[in-house]
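Asks: My structure is below; once you've seen it, I'll send some questions.
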């Protein structure tokens, strides 16, 4: 399991870096063509898209993730994959038809501006196509095809980027041009992903498999709504209590902090299907504990780097009007990591205790709502970011406690907690140090180096681990081999 995880995570990591790099390259262009309020519109539509993806197909993607890897019978796999695809086609299609005449009402609800209904119309088409793309793209992960997943991701991203640039910068279509680009990218990416997944798709719809999958996934829909609230309550609260411009500033900071997703995508994409495939093996818990140690060490380094240099990064990638968005990065970087770390607490999923997952996520959502409406009036966008961090910390803790009772993993919580505490102290020290210019930069790099040494001293990562990882990389990707 560990060797397969390393191989897959390297491939997913490379794909994530390429995709994220392309997205970040667009920021300097977009922030000079769009004002912060336009970015606020994009972020609110992104939030709405996430809500639709979580609910309309009743979580069928999560059911496929659980059932598809659990069988090795080709006909069974085709049944699960095909049924989920046609179910998504139908449910997304019905939603689009119903929502289309209500574009003005949705525009008022999301932006307090009914005149933006035209943007919403295009976004609806993008939601349908991209929802199908995400399902088929995920199917490549469940089929343990990381290279095909990477190809589909890059095709989608490149097609979206080229057409978005054309619509926004050349044709001057503004915000709607971004969604025209998503529609085009979705069509090209979906066609590519379907072709690469052609062996598991057919014109087949199995009612018994649909019922089995929905029994698993429907209880997760309220849970997904809870996840949505936890993810986007910050922007919703800013939209209601402040302005769309503030939403746009928060969104820029969020995009910088989401560099942590380069780390998470590799781990989530590689680990989730492997857990459900190998969880019965006696050595699986030890492998998961080791991977979690590596993850914690990497996460500490990435979060410190983003927190220390957030303002510099924003100045480089965005117009000057967006610089104030950097203040949320120190809170959002660890928050986004914690929001995806449920993969290290697989016990509830393995035991199919989806009801408990829903309870935890709904509780986290309630906490997020309360925290945002308490903190945003006093701390502004910083309050929203702090609310996200506190809420995600609580949800991760609850997931881990429940998971350990059902599928125990031998984590060393003393060492892990000590490493995180030292990292927090180093951030405070770097933030308060009365230094400027080159001295400040060098001092902060030194603090990141200290954090790395602490992780080694605490044996989150030791020399033996590094040597074994290097040997595995050489075995998996020998220098003379072609990437085929």
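The values are calculated or read from the model by the stated rules, or taken from the named source; none is laboratory data. Note that the structure is a prediction, hence the values are computed from the model and not measured. Because the Cβ atoms are built from the backbone with ideal geometry, glycine has one as well, and the counts that use them run over all protein chains shown.
Okay, residues lined up against (1) buried (at least 23 other Cβ atoms within 10 Å of the Cβ); (2) under 29 Å from residue 102 (Cα atoms):
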| site | (1), (2) |
| --- | --- |
| 121 | no, yes |
| 158 | no, no |
| 163 | no, yes |
| 176 | no, yes |
| 189 | yes, yes |
| 195 | no, no |
| 202 | no, no |
| 222 | no, yes |
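Asks: What single numbered condition from (1) without any contact (Cβ under 8 Å) to a residue 12 or more places away in the chain; (2) more than 17 Å from residue 60 (Cβ to Cβ); (3) part of a helix (DSSP H, G or I) fails to hold for residue 123?
Replies: All conditions pass for residue 123, except number (1).
Asks: Sticking with this structure for a sec: Among (1) part of a loop (DSSP other than H, G, I, E, B); (2) within 17 Å of the chain's Cα centre (by Cα), where does residue 154 come up short?
Replies: Condition (1) is where residue 154 drops out.
Asks: Looking at (1) part of a helix (DSSP H, G or I); (2) more than 14 Å from residue 213 (Cα to Cα), which is the one condition that is false for residue 84?
Replies: (2)
Asks: Ok, one more. Taking segment 334-390 on its own, how many of its residues are at pLDDT 90 or above, surrounded by 21 or more Cβ atoms within 10 Å (Cβ to Cβ), more than 24 Å from residue 293 (Cβ to Cβ) and within 20 Å of the chain's Cα centre (by Cα)?
Replies: Qualifying residue count, segment 334-390: 5.
Asks: Of everything in segment 136-146, what is under 23 Å from residue 202 (Cβ atoms) and assigned to a helix (DSSP H, G or I)? Give them in sequence order. Don't jump to the end; show me each part of the working.
Replies: Of the residues in segment 136-146, the ones under 23 Å from residue 202 (Cβ atoms) are 136-145.
Listed by number, the residues that qualify are 136, 137, 138, 139, 140, 141, 142.
Asks: Within segment 401-421, work out how many residues are surrounded by 15 or more Cβ atoms within 10 Å (Cβ to Cβ) and in a loop (DSSP other than H, G, I, E, B).
Replies: Counting residues in segment 401-421 that are surrounded by 15 or more Cβ atoms within 10 Å (Cβ to Cβ) and in a loop (DSSP other than H, G, I, E, B) gives 3.
Asks: Residues that are within 30 Å of residue 405 (Cα to Cα) and out of contact with any helix residue (DSSP H, G or I) (no Cβ under 7 Å at 6 or more places or on another chain): list the helices (runs of 4 or more DSSP H) wholly contained in segment 282-352 that include at least 3 such residues.
Replies: Values: elements: 284-317, 329-340, 347-350.
Hits in segment 282-352: 284-317.
Asks: Now for a separate question. When both residues are 6+ apart or on different chains and their Cβ atoms are under 9 Å apart, which pairs have a first residue that lies in segment 97-119 and is at positive phi and at pLDDT below 80, and a second that is surrounded by 14 or more Cβ atoms within 10 Å (Cβ to Cβ) and part of a helix (DSSP H, G or I)?
Replies: Close Cβ pairs satisfying both conditions: 112/239; 112/244.
Asks: Here is a follow-up. Any residue in segment 320-339 that is in contact (Cβ under 8 Å) with a residue 60 or more places away in the chain and over 22 Å from residue 232 (Cβ atoms)?
Replies: Yes, because at least one residue in segment 320-339 is in contact (Cβ under 8 Å) with a residue 60 or more places away in the chain and over 22 Å from residue 232 (Cβ atoms).
Asks: Which ones in segment 165-174 are modelled with pLDDT under 85 and surrounded by fewer than 20 Cβ atoms within 10 Å (Cβ to Cβ)?
Replies: As a first pass, look at segment 165-174 and keep what is modelled with pLDDT under 85: 168-174.
169, 170, 171, 172, 173, 174 - these are the residues of segment 165-174 that are modelled with pLDDT under 85 and surrounded by fewer than 20 Cβ atoms within 10 Å (Cβ to Cβ).
Asks: Let me ask something additional. I'd like to know if segment 67-76 contains one or more residues that are out of contact with any strand residue (DSSP E or B) (no Cβ under 9 Å at 6 or more places or on another chain), part of a helix (DSSP H, G or I) and under 23 Å from residue 160 (Cα atoms).
Replies: Within segment 67-76, not a single residue is out of contact with any strand residue (DSSP E or B) (no Cβ under 9 Å at 6 or more places or on another chain), part of a helix (DSSP H, G or I) and under 23 Å from residue 160 (Cα atoms).
Asks: For segment 164-211, which residues satisfy the criterion of being under 23 Å from residue 70 (Cα atoms), assigned to a helix (DSSP H, G or I) and under 27 Å from the mean Cα position of the chain (by Cα)?
Replies: Within segment 164-211, the subset under 23 Å from residue 70 (Cα atoms) is 193-194, 196-211.
Subsequent filtering for residues that are assigned to a helix (DSSP H, G or I) retains 193-194, 196, 198-200, 207-211.
193, 194, 196, 198, 200, 210, listed by residue number.
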